[in-house]
1. Would you confirm whether any residue within the stretch 71-84 is free of Cβ contacts under 8 Å to residues at least 40 places away in the same chain and under 21 Å from the mean Cα position of the chain (by Cα)?
2. Looking only at residues that are assigned to a helix (DSSP H, G or I) and of a type in the set (A, V, I, L, M, F, W, C) in the stretch 149-163, which one is nearest to the chain's Cα centre (by Cα)?
3. For the stretch 46-70, give me each residue that is of a type in the set (A, V, I, L, M) and touching a residue at least 12 places away in the same chain (Cβ under 8 Å).
4. Are any residues in the stretch 52-69 under 23 Å from MET79 (Cα atoms) and either under 19 Å from the mean Cα position of the chain (by Cα) or outside any helix (DSSP H, G or I) (or both), and if so, which ones?
5. In this structure, does THR33 turn out to be surrounded by 10 or more Cβ atoms within 10 Å (Cβ to Cβ), outside the structural domain of PRO191 (by TED's automatic domain parsing) and either at pLDDT 90 or above or more than 25 Å from the chain's Cα centre (by Cα) (or both)?
6. Output yes when any residue across the stretch 34-45 is in contact with a Gly (Cβ under 9 Å, 6 or more places away or on another chain) and not in a helix (DSSP H, G or I), and no when none is.
7. Can you work out which of the residues in the stretch 72-92 that are assigned to a loop (DSSP other than H, G, I, E, B) and not polar (S, T, N, Q) is surrounded by the fewest Cβ atoms within 10 Å (Cβ to Cβ)?
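The values are calculated or read from the model by the stated rules, or taken from the named source; none is laboratory data. Fair warning: this is a prediction, and the values are worked out from it, not measured in the lab. Note: ideal-geometry Cβ built from the backbone for every residue, glycine included; neighbour counts use all protein chains shown.
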Amino acid sequence: MHMNYPVGDMVAGLFGAFSIATAIADKRRAPDTPGREIDLSATEALLRVLEPLAVEYEQLGQVRERAGNRATYTAPSNMYRTADNVWVSLVASSDATFLRLVEAMGHPELAEADAYRRNPDRIRNIEPLDGMIGAWFAAQSYEDVATALRAREVPFSKVFSIADVVNDPHLRAREAIVRLEDRDLGTIPAPCVVPRFSGYAPRPPRSGPATGEDNEAIYGELGITGAQLEALKAARII
């Protein structure tokens, strides 16, 4: 599906930040090195995170197509819905983890069945396997499912809404959501700065400035006087 979020902009921004940091490190190592021009394509940034697909196509002739939430290279790996309508992400693709999953489901014999003993077997027989796992989730509440999976140390995650994120005890303890000062609203919530560094705890930034808020400081550095700024405002140039 077409994503309802500009993920390409975000990924390109991350690569841009790393590129600048790399260039600065290079300059500090060799101060006489000429400055670098960074050639960064948002399309290529997204391709970079699709790392195995090119070699998979060349060596195996495989072209990944739409598969919904299900992984096509490992199994089981999917999203499952509980009886109380909570979606859960579950990956139990290693043989040891799969054994713990089917033990949590009350069917340890599945780990010894020829159809599910190894990951390639599970991929070939994913339809009936996913059907059984989906039925197990659908018959129980999220809390019951979570209790059973935690008891067997099976990795899983509830699919968080933003309401879950804001109210999650772990994320609140981590201060993953911080408050930004805002001239109109007082303070507003926003994600914390990532990553964090030991011995460095900057204050959360404020929300964005109002349009033209910093005109005097910025244009002043360019030698534009206050009278000239007023003339530019009157002409609706700024």
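1. Scanning the stretch 71-84 turns up at least one residue that is free of Cβ contacts under 8 Å to residues at least 40 places away in the same chain and under 21 Å from the mean Cα position of the chain (by Cα).
2. Selected residue: ILE162.
3. Passing the criteria: LEU46, VAL49.
4. Taking the stretch 52-69 as the starting set, the residues that turn out to be under 23 Å from MET79 (Cα atoms) are 52-53, 63-69.
Scanning the stretch 52-69 gives PRO52, VAL63, ARG64, GLU65, ARG66, ALA67, GLY68, ASN69.
5. Working: surrounded by 10 or more Cβ atoms within 10 Å (Cβ to Cβ): yes; outside the structural domain of PRO191 (by TED's automatic domain parsing): yes; either at pLDDT 90 or above or more than 25 Å from the chain's Cα centre (by Cα) (or both): yes.
Yes, satisfied.
6. Scanning the stretch 34-45, I find at least one residue that is in contact with a Gly (Cβ under 9 Å, 6 or more places away or on another chain) and not in a helix (DSSP H, G or I), so the answer is yes.
7. Filtering first and then ranking leaves ASP84.
Listed here are the residues, each with its yes/no results for (1) assigned to a loop (DSSP other than H, G, I, E, B); (2) surrounded by 12 or more Cβ atoms within 10 Å (Cβ to Cβ); (3) among the basic types (Lys, Arg).
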position: TYR116; (1), (2), (3): yes, yes, no
position: ILE133; (1), (2), (3): no, yes, no
position: ASP144; (1), (2), (3): no, yes, no
position: THR147; (1), (2), (3): no, yes, no
position: VAL165; (1), (2), (3): no, yes, no
position: PRO195; (1), (2), (3): yes, no, no
